[in-house]
1. Which residue out of T71, T42 is surrounded by 11 or more Cβ atoms within 10 Å (Cβ to Cβ), among the hydroxyl-bearing types (S, T, Y) and in contact (Cβ under 8 Å) with a residue 40 or more places away in the chain?
2. Take the conditions without any contact (Cβ under 8 Å) to a residue 24 or more places away in the chain and either surrounded by 17 or more Cβ atoms within 10 Å (Cβ to Cβ) or more than 17 Å from the chain's Cα centre (by Cα) (or both) and apply them to F48. Does it pass?
3. Need pairs with beta-carbon distance below 6 Å; first residue among the β-branched types (V, I, T) and within region 107-118, second surrounded by 15 or more Cβ atoms within 10 Å (Cβ to Cβ) and not in a helix (DSSP H, G or I); sequence gap 6+ or separate chains.
4. Select from region 93-137 the residues that are charged (D, E, K, R) and either at pLDDT 95 or above or in contact with a Cys (Cβ under 8 Å, 6 or more places away or on another chain) (or both) and list them in ascending order.
5. I'm told F90 meets every condition in (1) closer than 24 Å to A34 by Cα; (2) within 14 Å of the chain's Cα centre (by Cα) except one. Can you identify the failing condition by its number?
6. Exactly one of (1) in contact (Cβ under 8 Å) with a residue 12 or more places away in the chain; (2) surrounded by 12 or more Cβ atoms within 10 Å (Cβ to Cβ) is unmet by G13. Its number?
7. Report, by residue number, each residue of region 77-93 that is among the aliphatic types (A, V, I, L, M) and either free of Cβ contacts under 8 Å to residues at least 24 places away in the same chain or not assigned by TED's automatic domain parsing to the domain that holds S123 (or both).
8. So for region 14-22 (the condition being among the β-branched types (V, I, T), part of a strand (DSSP E or B) and over 26 Å from N129 (Cα atoms)), does at least one residue qualify?
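The values are calculated or read from the model by the stated rules, or taken from the named source; none is laboratory data. What you see is a predicted model, and the numbers here were worked out from it, not measured in a lab. Cβ placement follows ideal geometry from the backbone for every residue including glycine, while neighbour counts extend to all protein chains displayed.
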Amino acid sequence: MDALYTAAATANGREGRSVSSDGRLDLQLAFPPALGGNGDGTNPEQLFAAGYAACFASALGAVGREAKIDTKDASVTAEVGIGKDTDGGFALAVTLRVELPESLQGEAGRKLVEQAHAFCPYSKATRGNIPVELVVE
């Protein structure tokens, strides 16, 4: 792959800062209360959820344009869960909630969401690595 764009960010752990190479992203990081932290910052799961939701919404728009279907009123919420895995470490799971306008309800909308899932770079990166559930609302 020839990268068209490369993002870079540096972090020093879950209880520190994360800063992008251009300085536009500069965030305090903290464990969420559910993981024993004080929650006084964002966390990697929130960042992943924001990125995945944005990327998937963009992919939905791209496949919609290709099919000449207006998706501008659609929205995507990514829920990223973290929990213990069977090896004693941690693993992620994602639920993508795609809210479609009434005009896209039913099988046509579901098909479009599945096409976006096949097209989205985040979906490609997670495929076979973590469970991703698609919920069409």
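1. One residue alone meets the criteria, T71.
2. So F48 does not fit the description; no.
3. Pairs that qualify, where the first residue is among the β-branched types (V, I, T) and the partner is surrounded by 15 or more Cβ atoms within 10 Å (Cβ to Cβ) and not in a helix (DSSP H, G or I), are V113/V98; V113/L134; V113/V136.
4. R97, E99, R110, K111, E114, K124, R127, E133
5. Of everything listed in (1) closer than 24 Å to A34 by Cα; (2) within 14 Å of the chain's Cα centre (by Cα), F90 misses just condition (2).
6. (2)
7. none
8. yes
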